[in-house]
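Coordinate-derived values only; no laboratory data. The structure presented is a predicted model; accordingly, all values stated were derived computationally and were not measured. Heads up, the Cβs are rebuilt from the backbone with ideal geometry, glycines too, and the neighbour counts pull from every protein chain shown.
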Amino acid sequence: MDRRDFLVNGGATLAGASLVGSAWAQAKTVWKASDVHPLGYPTVEAVVRMGKKLETATQGRISIQMFPSMQLGGEKEMIEQAQVGALQFARISVGPMGPVVDELNVFNMPFVFRDVPHMNKVIDGPIGKEMLQKLTDAPTSRLIGLCWMDAGARSVYNSKKPIRGLADLKGLKIRMMGNPIFVDTMNALGGNGIAMGFDQLYNAMQTGVVDGAENNPPSYESGKHFQVAKHYSLTEHLIIPEILVFSKATWDRMSAEDRALLMKVAGEAQQEQRALWVAREKTSMDEIKKSGVEVLTFSSAQKKEFQDAVKPVWDKYGAKYTALVQRIQAVQ
Ligand code: GTR
């Protein structure tokens, strides 16, 4: 090798090494996040804002790319992708997490919370913290529980007729989230519970595969379900918090500082999402009513009929959660 070759080759290697070095120093990490809801929905917006905070705090080293609107499939698929590290954040309902970590199912029991403020008090307090930890510690989860989000109360809607009481639900095919507790709950209420992904629901209602479903006002509105199922009855039979989980495969490779930062912004997201939720519930309800949907409400005496009807669900699943349910009920 003459001197000129050495300079050219050596120089190239050195330049290459320093390029790699500087690229490494500024290596940018883009975490993928997924949600079944579209941009602007409270859960999506809360995670997008979290991403901006991460970006600012790390001078652009870490950011979040959001895949909204079921782009990465339904919630079952999102859980699986987070478990293998194909995505980092999955914002899902506790509904589909129950079959993965059974202890979480206590939040999936019908009428377990007195009302939405009660649920929020529970998730903000020690029980909420313990349940996130249980999710993280469960060997079956392969996920880190980051924070809770508010999803209000779920109520029944359908395309056939107004539901004014239990008797009206008889024979109606109602889509429920994929968890046996929910199918049993709908069956106990007199309908025919059919487990199905959220991603298939609109078509199923349109083609008459199911007569209706149940959800909170923002999901009913945002999914355009109110256009095909115009009777909405505020049964509020399920008050299920949502949860933001993070891939353990990614977590295991992170520094202690990045983990602490992530936990901090996630805790803030829990409160920020709640404010977004309260505002969205109102605008969704306004839009639903404006479109001519019949929204039926129930007195507490009428609601008791629904509460009594789900006793078989409590008989079947409730015993193992007795101690926890007593603690939940004690939260004022
Ligand atoms: C929504 C919830 C979603 C999903 C959906 C469903 O209220 O935000 O996470 O659980 O309900 O019914 O599948």
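Things worth noting here:
- Difference of contour (0.36 nm per residue) and Cα-Cα distance, Q329 to R259: 21.9 nm
- Given charges at Cβ of Lys, Arg, Asp, Glu: the chain dipole, positive-most of I62, S159, M254: S159
- Histogrammed with a bin width of 10 Å, the alpha carbon distances of the chain distribute as 5, 24, 31, 20, 8, 4, 3, 2, 1, 0 percent, first bin at zero.
- Inter-label distance, nm, simple model (7 Å from Cα along the C-beta direction), D308/Q200: 3.6 nm
- Dividing the summed -39500 (n - 2.57) terms of all DSSP H runs of n ≥ 4 by the residue count of the chain sets its mean residue ellipticity at 222 nm at -15500 deg cm²/dmol.
- Proximal aspartates and glutamates to K248, defined as alpha-carbon separation beneath 15 angstrom and excluding residues fewer than eight positions away on the same chain: E80, D137, D258
- Relative contact order computed over the stretch 143-222 (Cα-Cα under 8 Å; 6+ residues apart), in percent: 37 percent
- Cross-link reach list, aspartates and glutamates versus K160, counting only Cα pairs under 16 Å and skipping chain neighbours closer than eight places: D168, D211, E214, E294
- Considering only A138, A27, A82, the mean-square fluctuation computed in a Gaussian network model of the chain, springs between alpha carbons under 10 angstrom, is largest for A27.
- Backbone N within the stretch 260-284 under 12 Å of label point (7 Å from Q59 Cα along the Cβ vector): none
- Sorted on the mean count of surrounding Cβ atoms within 10 Å across their residues, most packed first, peptides 321-331, 180-190, 155-165 read 180-190, 155-165, 321-331.
- Take every pair of alpha-carbon atoms less than 8 Å apart whose residues are at least six positions apart; their mean separation over the length of the stretch 106-175 yields a relative contact order of 20 percent.
- Only Lys, Arg (+1) and Asp, Glu (-1) charged, at Cβ; the stretch 194-253 dipole about Cα centre in debye: 160 debye
- Farthest toward the positive end of the dipole of the chain, out of G171, I79, L296, is the Cα of L296, where the dipole comes from beta carbon charges about the Cα centre.
- The stretch 164-189 and the stretch 116-158 have Cα centres separated by 23 Å.
- Straight-line cross-link partners of K224 among the aspartates and glutamates, defined as a Cα under 12 Å from its Cα and at least 8 positions apart when in the same chain: E287.
- Extended-chain gain in nm, criterion 0.36 nm per residue less alpha-carbon gap, T322 and S69: 87.4 nm
- Relative contact order of the stretch 214-332: 51 percent, from C-alpha pairs under 8 Å at least 6 residues apart in sequence.
- Rounded to 5, percent antiparallel among DSSP beta bridges of the chain: 55 percent
- Dipole axis of the chain (+1 Lys, Arg; -1 Asp, Glu on Cβ), positive-most option in Q273, V100, V30: Q273
- The chain, dipole about Cα centre (Lys/Arg Cβ +1, Asp/Glu Cβ -1), debye to the nearest 20: 200 debye
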